[in-house]
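To keep things clear, I will list the structure first and then write my remarks on it.
The values are calculated or read from the model by the stated rules, or taken from the named source; none is laboratory data. Bear in mind the structure is a predicted one, so any value in this text is a computation, not a measurement. Note that each Cβ is placed from the backbone with ideal geometry, even for glycine, and that neighbours are counted across all protein chains shown. Surface areas here come from the heavy atoms of the whole protein model, side chains and all, with no ligands, DNA or RNA. Shrake-Rupley method; radii C 1.70, N 1.55, O 1.52, S 1.80 Å.
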Amino acid sequence: MKSLQFLSAEAFVSHAEFARKNLGSVAHNLFPLLFKASYLLEQREVIHDLVETWPLPDFNIGKLLGTTVDYQEDLSHRRCSVCLESCLTGLRDYVLNHPSPCVKRLKVVDLTGIKDVEVQLCECKKTMGRWARTKLLSKLCLEVLVHLQQKQCKPRAFEISIDVLIDLFVTERNYELVVQALLQKRYCPLKICCVAFRADNLALQKFFYIIKLTDPSLLRKLEVVHNVRLEMEHLEILFNSIHFPLLMSLTLPARTFNVRRLTAADELMLTSIGEKMGEMTQLTELSLAFSILTGRIRKLLSPLKTPLKMLDVSNCSLNHADMIYLANSIHSYHLEALDLSGHNIPELYPSAFFKLLNHSSPVLRSLILEDCNVQDTHVNMLIVALSPCQKLQEFKFLGNPLSSQALKHLFTFLCELPVLKNVEFPVPKDCYPIDITYPIDDASLCRFDHQKYDRIAEELKFILLQANREDVKASTPLFGSYDAAVQETNDELGAYLIKSFKETLEKLTTSLSKMS
């Protein structure tokens, strides 16, 4: 519902030329209203001019586009390329076109509130993801410096200082540009303040160099993923050389830890890493997916001073002792998101799993149990375990060998979870050939009866409909959930994989030639 004031703002900005000419006559407190109206209508020129002449001390895009009194719809999930580029170029021109700092009030620009979601509702249908925002802001910071230097501006122009809070996403392709922008930060009126940092497809040496440039003392979230070959000894060096006092969320790449062949020195290293994480007193989110941590969860998590709210230990080869520790730890009472995918929960540690869910049930919002060998005979057990989880909003259990009948039984129960919003369920086992084995490899994942699946999926959705749960989204994303960061950089990652494969073949060919 739009207020009369918001409708008036829409009418004003819809005539771009008129609006731009008359912005100087607009009361300062109306700028936020006009910005949201312009963003909704994708009026790029008006957006640019609003930011260029922004009269307020802060510009928080998440708050500006979020739910407001005049218009309740949240637009912060619209990462519209047209609108965001206009925002950032307007910010550049804020500095360039009005060099006198005495008339400038803007001190903080917060770009962290943009939500990267799959479905975009903007008319242009072009998105600007986190990687592209990182690249554009870095480019504009350097443009500001070059322009100021070429114009030989008076020193007071450099007295303008605006902290630009952003979630940086760096890969090999935009690395040099971001490094240059960070190196010049002290001289640039636009100060890049990295609140969250994601590194992918980056050489280890480059990662260590750029993470120091970001000012780690401000960092709240660190994601090191996929093609950054960070191993245990590198992690110890990182934690010993850099302090992260405000870090709340840490994601490490696959195979960071492999405890199968630990020496005495490695055990000490693991203890040291745990102690260093314990010094991060704000840390509440930890992702260790696809590391081998058998029997070592206690060593890593027990030093933590603050209980974890999010834990991802998917495909970490946890044993019974690990699950017992998790179920009895202080963390179990605070977990809002938990991923135990890749573990044979029903067969190996059902009682510990029951206890863990029971402890976390008052706060648990997201549970992921993909490829956990949950079969038809385990559905009743799963229902009993989930029953206390009345705050659950998301449940994903792809890759489990469940029949259509078992899924219908489970869905009937899921209707009773009052705030459940999202369910990701597997293709029913009876849609695959009889000889299929679990976990299903990628090559066989699509070899199922699609017509039969569609019929069953409709029946499952009808169960939700009968229970008046149209608010629950049920889907089967065969190759995993949408990941905005991966989607944005998949071309670069694909090229990297091809290059790595080619190099491996060349090494193999060379070795075979030497042998012959």
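Things worth noting here:
- Within the same chain, aspartates and glutamates fewer than 8 places from residue 408 are excluded, and of the rest, those with a Cα less than 17 Å from its Cα are 376, 416, 424, 430, 454, 458, 459, 470.
- The local environment of residue 412, defined by Cβ-Cβ distances under 14 Å, has a net charge of +1 under the rule Lys, Arg +1 and Asp, Glu -1.
- Mean Kyte hydropathy of -1.0 or more with a Cα span along the axis of at least 27 Å, helices from DSSP in the chain: 130-150, 490-515
- Rolling a 1.4 Å probe across all protein chains gives residue 347 an accessible area of roughly 110 Å².
- Only lysine pairs 8 or more places apart or on separate chains count here, and in region 4-118 those with Cα atoms under 25 Å apart total 10.
- Rounded Å value of the spacing that divides the Cα centres of region 226-257 and region 424-453: 37
- Candidate residues 146, 423, 117: accessible-area rank, largest first, probe 1.4 Å: 146, 117, 423
- Other-chain or far-sequence residues with amide H under 5 Å of residue 191's (modelled H): 162, 163, 164
- The solvent-accessible area of residue 220, taken with every protein chain present and a 1.4 Å probe, is close to 110 Å².
- Once all protein chains are placed together, residue 63 keeps about 150 Å² accessible to a 1.4 angstrom probe.
- Rounded if a/c under 1.5, otherwise prolate or oblate - region 311-418, Cα gyration tensor axes: oblate
- Cβ charges +1 (Lys, Arg) and -1 (Asp, Glu), total dipole of region 4-118, debye: 360
- Net +/- balance of residues flanking residue 400 in space, Cβ distance below 13 Å, scoring K and R +1, D and E -1: -3
- Taking all Cα pairs closer than 8 Å and separated by 6 or more residues, the relative contact order of the chain comes to 7 percent.
- Dipole orientation for region 147-222: of the candidates 216, 177, 192, 192 has the Cα lying most toward the positive pole (charges on Cβ; Lys, Arg +1; Asp, Glu -1).
- Beta bridges per DSSP with both ends in the chain, % antiparallel, nearest 5: 5
- Under 27 Å from residue 305, Cα to Cα: lysines that are on another chain or at least 8 residues apart: 212, 221, 276, 355, 391
- Over all other residues within a Cβ to Cβ distance under 13 Å of residue 304, the charged ones net out to +2, with Lys and Arg as +1 and Asp and Glu as -1.
- Relative contact order (percent, whole number), region 4-118, Cα cutoff 8 Å, 6+ residue spacing: 31
- Protein-only accessible surface order, largest first, of 186, 79, 44 at 1.4 Å: 186, 44, 79
- Accessible area, probe 1.4 Å, largest first, for residues 482, 349: 482, 349
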